[in-house]
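Have a look at the structure below before the remarks.
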Amino acid sequence: MAFKINKFKLTHSFFSSKLCYSSSAAETADSIVTIFTTKGPSAPELTNFSPSLTPHLVESVLTRLRSWRVAHNFFHWASNQHPYHHTSFTFNAIASILSRSQKTQPLVDLAKHLPNSSCSFTPGAFSFFLRCLGNLRLAQEAHHLFDEMSLKGLCVPDRLCYNALLEVISKCGSLHLMEMRLNEMKDFGWEFDKYTLMPILVTYCNAGRVDQALSVYKEMEEKGWADDRVCSMMAVYFSKLGKVDKAFEMVERMGEHGMKLTEKTICVLIHGFVKESRVEKALQMFEKMQRENGFNPDVSLYNVLIGGLCKIDDSDGALSLLSEMKESGVKPDIGIYTKLISSFSDDIGMLSKLLKEILEGEEDEKTLVLIYNALLTCYVNDGSMDEAYRLIQMMIHSKSSTEDDDASRMYAFSKVTERLVSPNTTSFSIVIDGSLKNDQLDLALSLFNDMRKIAGKPTISIYNNLIDSLCNSNRLEESYELLREMRELGVEPTHFTYNSIYGCMCKRKDVSGACDMLKEMGARGHGPWIKHTTLLVKELCNHGRVMEACEFLDNMVQQGFLPDIVSYSAAIAGLVNIQEVDGAMKIFRDLCSRGHCPDVVCFNVLIRGLCKADRLAEAGILFDELVERGLSPSVVTYNMFIDLWCKNGSVDKAMALLFRMCEDDKEPNVITYTTLVDGLCKAERPDDALLLWKEMEKKGCPPNRISFMALIYGLCRCCRPTEALCYLREMEQKEMKPDSFIYIALLSAYLSDLNLTSAFEIFKEMVDLELFPNPLDKNYPIAVDAIRKFCKDHRTSSAIQVLIEEGKIPTHSELLEVKD
């Protein structure tokens, strides 16, 4: 596009004015970068720079910071400095950083904050911000932001803005949003240009709307806008839909108009044709492009075509293409040999012919090794690890096996190749990786020892895979030995190497070892994986070592690592579980002061802790803060407050939250409805509870076992056992088994209603189901009292006597021991 800015790359011409920075301004920016990177936003030296902050300076600092997180923290720090205010330049700078770093949530938060910043944007600047959102497929966020900025007068969108928004929407494929914005453009009287129709075409293609896509294409063709890119896209689109003939027609039409496909498009089309098992069309495309475009295919394209021919059992075609490939100077790789050998492995005669074709004119030992490696790969892929191990042992010892029969792949190899070759690093790597995937760690280690003697220095990949498997098997000491060996051989460990060992220490809850590993990782420029740190914190908290978990996170910060909000949330949850809510709040506030953006999960953990501690006002304040930060309360958040209000008897407040959930497009779940049904019954509002129950079913939220028991128990408490019994029968029809207290509730309700006949039926059902409460159960006295009443009534006394004689309920002497 003519107006399209190079993909999210910060350019001085776009973000900066034409004034050049003086050397002193550059030095100031460098100083801020150094302080912020090493000491963070709490460094006292930063106060010296606060009065001199300008948008140019802030932008300059942002572009110098290498870490998105540090840049994000700096942006928030600058926001709080008086009298400084961000401009569209600085907003676009941080948006570009977050977009390029693939940080979705921080960018979403930034977009939500933007309309409240009172910062105005030109159409060009706003288009750039929209494309930053589009890079992370945040079409809904772009859509809402577009409206808010327009309503608040912070940007007057023109066709440039609309085209940018359409481009963003096309990346998520929302037809509804696309068509809505198109109607707005029509209402403004704007004619659609090429850059309007292009995202429309993309959206229709991705949505599978063939007729609409063709209509837009024809319009572009009529106006002379159907260039190479548009036609190529249509060809690829037809290919993806499996309409190979239409795709080929489009390619032919392009040729007639002198248009040429790019090599990338050619490869995509050939891949698509082969995927649809239209190998003949793929070969036609292949030959056409070689003939007309001077296209020189690489080994990967031959791989696809030969693989396609093997798939349709065209052995002659595959061998012919292999010969052509070798004649053109392209050397086959292990992938091609593997496909060929695997395809013809059941036909020993064909396999021998294949090997002769491969080896014709080949005297290089490397080719022989490649072929043997292909056979090893076939064995591993087939799960024939014994054969793979036997073959590599033959290669190691240069000795054929006497166990091979005439119909084996190994026999065909030995007959044609007539000699064995020594395995290389790849040979060992194939079998070692296969052994590890089949949980044969000791076998892999044995081969690894052979490898060091025969093939020389192992690759970083082999070291990493072995260390990872050792760590997963809790064999930490052996993994350390391999790490030391790597250093001695000059093989530089990667972040994967260190994190495998770090993860093992975290599983072991080895805080000291984890801290030592963090130091080493930091010294070598690597960082810990969030999942490992979070696991350690959770494990420590689960084993009563909450304070140690908090100290570990502090230690990480001291070593220059900023733990993720997920890890902090785990520590906060640990503190909440041991009733250290104040400690949890302190960590939360420290996080916020350091520029962290706590997520909804973190808020939920704290809100739950405050609710349990009966600090309801603080919980409410935290809920308001969650909303003010642009976060959306989750269903879990709402459920906690609904539960709180129901338990406090404020069921109307709880119902109000249910309506607010619906307004916020948060779908109430079975927990929401169950809590409210229970709360309404406790408030002696069974009719409202039943109405809510019907609404729950109407909205497609099926009640579970807990829901049924809450309703049945609640109705019994409201002296409506007959209705409660109906729901018990429905529950049984759904093959859900109630707990014994449900029968006790029904029994008590019927007895209170002086309906001994129905009460006895429930009582007998409970006994027959072996749900009679034991003497330690709090409901035991209720059951005993019921027996006494049944004994005194002539309608039930004889039946009770039978149950006593059968030993299903307590005897008269046992009943006397229970006090009223």
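Of the residues Val784, Asn774, Gln733, the one whose Cα sits farthest towards the positive end of the charge dipole of the range 657-789 is Val784 (charges of +1 on Lys and Arg Cβ, -1 on Asp and Glu Cβ, taken about the Cα centre). Across the options Ile762, Tyr204, Tyr713, the greatest Cα extent toward the positive end of the charge dipole of the chain (unit charges at beta carbon of Lys, Arg, Asp, Glu) belongs to Tyr204.
A simple spin-label model places the labels of Ser398 and Glu191 8.0 nm from each other, with each point 7 Å out along Cα-to-Cβ.
Let me know the charge dipole size of the chain about its Cα centre in debye, to the nearest 20, where only the beta-carbon of Lys, Arg (+1) and Asp, Glu (-1) is charged. Please list the in-between numbers first.
Values: 91 positive and 111 negative charges, 389 e Å.
Approximately 1880 debye in magnitude.
Between Glu481 and Glu252, full extension at 0.36 nm per residue minus the direct alpha carbon distance yields a gain of 76.3 nm.
Excluding same-chain neighbours fewer than eight residues apart, the aspartates and glutamates reachable from Lys281 by a Cα-Cα span under 14 Å are Asp245, Glu249, Glu252. Heavy atoms of the protein chains alone define the surface here; on that basis the chain has 48 Å² accessible area per residue at 1.4 Å probe size.
Taking K and R as +1 and D and E as -1, what net charge do the other residues with C-beta under 12 Å from the C-beta of Glu179 add up to?
Combined, the nearby Lys, Arg, Asp and Glu give +2.
Atom-type composition of the exposed protein surface of the range 751-800 places 53 percent of the accessible area on carbon and sulfur (1.4 angstrom probe).
Heavy-atom surface analysis with a 1.4 Å probe gives the range 683-743 a carbon and sulfur content of 53 percent of its accessible area. Coordinate range of the alpha-carbon atoms in the range 667-820 per principal axis, descending: 55, 27, 26 Å.
Given N residues in the chain, what is its alpha carbon radius of gyration divided by 2.2 N^0.38 Å? After normalising by residue count via 2.2 N^0.38 Å, the value is 1.28. Checked against a 27 Å cut-off, the cross-linked pairs Lys171/Lys264; Lys152/Lys194; Lys171/Lys531 give Cα-Cα distances beyond that limit for Lys152/Lys194; Lys171/Lys531. Just give me a number: lysine pairs in the range 729-820, eight or more positions apart or cross-chain, with C-alpha atoms less than 26 Å apart. Close lysine pairs under the 26 Å cut-off: 18. Within the full protein context, the accessible area of Thr87 is estimated at about 40 Å² for a probe radius of 1.4 Å.
Note on Ile460 and Met736: the model spin-label points, each 7 Å out from Cα along the C-beta direction, lie 5.5 nm apart. Extension gain, Glu179 to Lys698, is 183.7 nm, computed as 0.36 nm per intervening residue step minus the present C-alpha separation.
A straight chain from Arg508 to Asp614 at 0.36 nm per residue would run longer than the Cα-Cα distance by 34.5 nm. With a 1.4 Å probe rolled over the protein heavy atoms of all chains, the accessible area of Asp450, Asp688 falls in the order Asp688, Asp450, largest first. Scalar couplings 3J(HN,Hα) for the range 93-99, obtained by applying the Karplus form with A = 6.51, B = -1.76, C = 1.60 to θ = phi - 60°, are 5, 6, 4, 5, 4, 5, 5 Hz; x denotes Gly and Pro.
Tell me, what % of the accessible area of the range 637-680 is carbon and sulfur with a 1.4 angstrom probe? Write down the numbers at each step before the final one.
Values: 1000 of 1920 Å².
Percent of accessible area from carbon and sulfur atoms in the range 637-680: 52.
For the range 790-803, 3J(HN,Hα) computed residue by residue from phi via the Karplus equation (6.51, -1.76, 1.60; θ = phi - 60°) reads 5, 5, 7, 9, 5, 6, 10, 4, 5, 5, 5, 4, 4, 5 Hz, glycine and proline entered as x. By a 1.4 Å probe calculation restricted to protein chains, His532 has an accessible surface near 30 Å², given to the nearest 10. Of the listed residues Phe659, Phe121, the order by accessible area with a 1.4 Å probe, largest first, is Phe659, Phe121. Rounded to the nearest 0.05, what FRET efficiency do Asp298 and Lys586 have when you use their Cβ-Cβ distance and R0 = 41 Å? For R0 = 41 Å, the calculated efficiency reads 0.10.
Based on alpha carbons, the Rg and Dmax found for the range 151-227 are 12.6, 40 Å.
GluC sites (Glu not before Pro) within the range 687-756: which are DSSP loop residues with at most 16 other Cβ atoms inside 10 Å? Could you put the intermediate results ahead of the total?
Values: sites: Glu695, Glu697, Glu723, Glu730, Glu732, Glu735; in loops: Glu735.
Listed in order of number, the matching sites are Glu735.
Calculated FRET efficiency, Cys719 to His85, Cβ-Cβ distance, R0 = 60 Å: about 0.40 to the nearest 0.05. What is the list of residues in the range 511-527 whose amide nitrogen lies under 17 Å from a point 7 angstrom out from the Cα of Ile578, following Cα to Cβ? Once the point is set 7 Å along Cα→Cβ of Ile578, 511-512 turn out to lie under 17 Å by backbone N, inside the range 511-527. Within the assembled protein chains, the solvent-accessible surface assigned to Tyr713 is about 90 Å², based on a 1.4 Å probe. Listed by chain and number, the aspartates and glutamates whose C-alpha is less than 15 Å from the C-alpha of Lys103, apart from same-chain residues fewer than 8 away, are Glu141, Asp564, Asp599.
Using a Förster distance of 60 Å, how high is the FRET efficiency between Ser67 and Ile782, based on the Cβ-Cβ distance and rounded to 0.05?
On the way: r = 65 Å, r/R0 = 1.08.
Rounded to the nearest 0.05, the efficiency is 0.40.
Only Cα pairs under 8 Å and 6+ residues apart enter the sum, and on that basis the relative contact order of the chain stands at 5 percent.
Hey, could you grab the Kirkwood Rh for the range 442-553? Inverse mean 1/r over distinct alpha carbon pairs, Å, one decimal. Before the final figure, lay out each step's value.
Numbers: mean 1/r = 0.0678 Å⁻¹.
So the Kirkwood estimate lands at 14.8 Å.
Placing Arg131, Arg685, Arg137 in order of accessible area, with the largest value first and a 1.4 Å probe, yields Arg137, Arg685, Arg131. Summary of packing: across the peptides 508-514, 489-495, 421-427, the per-residue average of other C-beta atoms within 10 Å ranks them, highest first, as 421-427, 508-514, 489-495.
The values are calculated or read from the model by the stated rules, or taken from the named source; none is laboratory data. What you see is a predicted model, and the numbers here were worked out from it, not measured in a lab. Positions of Cβ are backbone-derived with ideal geometry, glycine not excepted, and every protein chain shown enters the neighbour counts. Ligands, DNA and RNA are stripped out before the accessible areas are found, and what is left, the full protein with its side chains, is counted by its heavy atoms. Shrake-Rupley method; radii C 1.70, N 1.55, O 1.52, S 1.80 Å.
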